[in-house]
Structure formats: C-alpha cells, structure tokens
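**Student:** The structure that follows is given in the form of structure tokens.
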Amino acid sequence: MAIKTTLNYSPNFDLKKRRPSKIKFIILHYTGMKNESNAIRKLTNINSKVSCHYFIKNNGEIVTMVPDLYVAWHAGKSSWKNYISLNKNSIGIEISNPGHNFYYRKFSKNQIISLVKLNKLLIKKYKINLKNVLGHSDIAPERKKDPGEKFPWKFFSKKKICFWHNLNQIELRKTRGHKISAIEEKMFIKNLFKIGYSKKATKNFNFNKQIYYKIITKAFQRRFRQELVNGKIDKECFIISKNLI
C-alpha cells in the first residue's frame, strides 16, 4: 500500500543510515505552535536542530521531511523500558496542532484519516509492536504533553494501530475518584514501570519521587484516562494499569 506524500526535506538528521530492523517505535507529536507554516519552517531550519520523518498538515496532507532509514531529531532526551534516546529506534510523526500553550484543539478528521493510513503502513513495513506506538509525553513525561488528551488513542486502538485497555467504559467510569490504599498506589507505580514509563527522570529537579510519580501519572492519564488529567491516583487509574499489564 503506497501513500502519497509531498517532499520538504529537513537537514536535521544523522547522516549514517540505519537498518530497518532498528526501527522499533512510532512516536507521535503535536507541533505546539500557533502557525502551521512556522512549524514547517522550524522543522526544516538547520539552526533549529529539530525534525521529524513525517508532518501531518491540518488538511491531512502528509509531508515527508526525513526518509525512514535516517535518524530524525524529534524525541530528544527520552526513555521507554530499556530504550534510551529513542531517536535512533523510532519514526517521528509531527501533527499540526497549536498544543496546550496555544488553545489546544481536537485533531482534524483529515489528519486522523491520514495518520491511520500512515501508521498502518509503517507498522506493517517495520513489524512494529502496537505497544510501541507512543506519544512524546510517554517517553519524555517531564518535558512534554503531546500529542495530549485530545488525541484519539482509543479510536486508533480500534483500527489496530496502537495499544489500549479492553475494559468496559461504563463500569470503569464508576470507579473514578475512588480512593485506593497506599499499597495499591505503590502497585500502580510499579505497573507504570512495567508498561514502559521510565523509573528515572531525564530532567533534574533534585529528583523528588513524589513529584516524578505525579508527572508520570499525568502522562498515563493523557494516554489512557483522557477525561481527567490531574496526577491523582484513583481506583480507575489502578484498574486500567492492571489491565494493561
């Protein structure tokens, strides 16, 4: 299955080619800029030192910026399970969206249609595990919120292009806000580590465990409990985490 893309190459990539087998992840981002054309200029400007493999415009047009077998500079300091600095093992997709700092909005229908097609192609081509289709906030939770709680992860899971829980949403909703024990809170954090969230912060804020646990809880919620992102561990979050592992 071929996908039509336009070319607007970025100079920001590693010159050494990688083997296809090195590609293990798809990382999804939003641009977080007011203006789409400014985002494209930044991603193709040699001085910005950032790029991506694919850019999804508001109208759904797919732009190729870095060929798959070259390492694009999109993930930065990042980790997931035993992987660190995920640029070398991932394909980065930027989706035009102003993000949390500029009136964060839902992604357009055309963007989602294009993303479904592109993800299906990449997953098949590189044999990517659905558990390895991640958001930037999953791999760098202290620094990033994208693609955020308005990204349709559940819809993507129905299209078999990402990982999601299989719990009954109505029954699950009844447990929201219910307190859990201290032991269950510790189990929840351990579950996050088993899912893949890093045990260590990549950003130094005099590493306070409780602050960091709240940060990764928010990242988990942006991904798997999108209706309420508050960093508080309740029974709903605990049940979801158990289901995912």
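**Student:** Express in whole angstrom the spacing between the alpha-carbon centres of segment 162-236 and segment 94-126.
**Tutor:** 24
**Student:** Additional query: Placing unit charges on C-beta atoms (Lys and Arg positive, Asp and Glu negative, everything else neutral), compute the dipole magnitude of segment 1-70 about its Cα centre in debye, rounded to 20.
**Tutor:** Using only the charged Cβ atoms, the result is roughly 280 debye.
**Student:** Moving to a separate point now. How many Å³ per residue does the convex hull of the Cα positions in the chain occupy?
**Tutor:** Cα convex hull per residue, to the nearest whole number: 126 Å³.
**Student:** Still on this model: List MET65, MET33 from most exposed to least, where exposure is judged by having the fewest other Cβ atoms within 10 Å.
**Tutor:** So the ranking, lowest neighbour count to highest, is MET33, MET65.
**Student:** Once phi is turned into θ = phi - 60°, what whole-Hz ³J(HN,Hα) does the Karplus curve with 6.51, -1.76 and 1.60 give for every residue of segment 8-21, x standing for Gly and Pro?
**Tutor:** Taking θ as phi minus 60°, the curve returns 8, 5, 9, x, 9, 7, 6, 6, 6, 6, 10, 6, x, 5 Hz for segment 8-21.
**Student:** In what order do HIS29, HIS178 fall by count of nearby beta-carbon atoms within 10 Å, going from fewest to most?
**Tutor:** Ranked by crowding around the Cβ, least crowded first: HIS178, HIS29.
**Student:** Of GLU142, GLU236, how do they rank once you tally other Cβ atoms within 10 Å and put the fewest first?
**Tutor:** GLU142, GLU236
**Student:** On a straight-distance basis, which aspartates and glutamates could pair with LYS150 in a cross-link, Cα separation under 13 angstrom, same-chain partners fewer than 8 positions away excluded?
**Tutor:** Straight-line reach from LYS150, under 13 Å: GLU227.
**Student:** Right, here's the next one. Within the set LYS127/LYS160; LYS144/LYS190; LYS174/LYS232; LYS117/LYS199; LYS131/LYS214; LYS49/LYS160, which residue pairs have Cα atoms separated by over 24 Å?
**Tutor:** In this structure, LYS117/LYS199; LYS49/LYS160 lie more than 24 Å apart at Cα.
**Student:** So what J values fall out for segment 27-36 if you push phi through Karplus, 6.51 cos²θ - 1.76 cosθ + 1.60 with θ = phi - 60°, rounded to Hz, Gly and Pro as x?
**Tutor:** 10, 9, 10, 10, 6, x, 10, 4, 10, 5
**Student:** Okay, moving on. Please sort 114-123, 97-106, 179-188 by packing, taking for each peptide the average over its residues of neighbouring beta carbons within 10 angstrom, highest first.
**Tutor:** The packing order, highest mean first, is 114-123, 97-106, 179-188.
The numbers here are math on the coordinates, done by the rules we state, and not lab data. All values reported here derive from a predicted model rather than from experimental measurement. Neighbour counts are summed over all protein chains in view; Cβ atoms, including those assigned to glycine, are modelled from backbone coordinates with ideal geometry.
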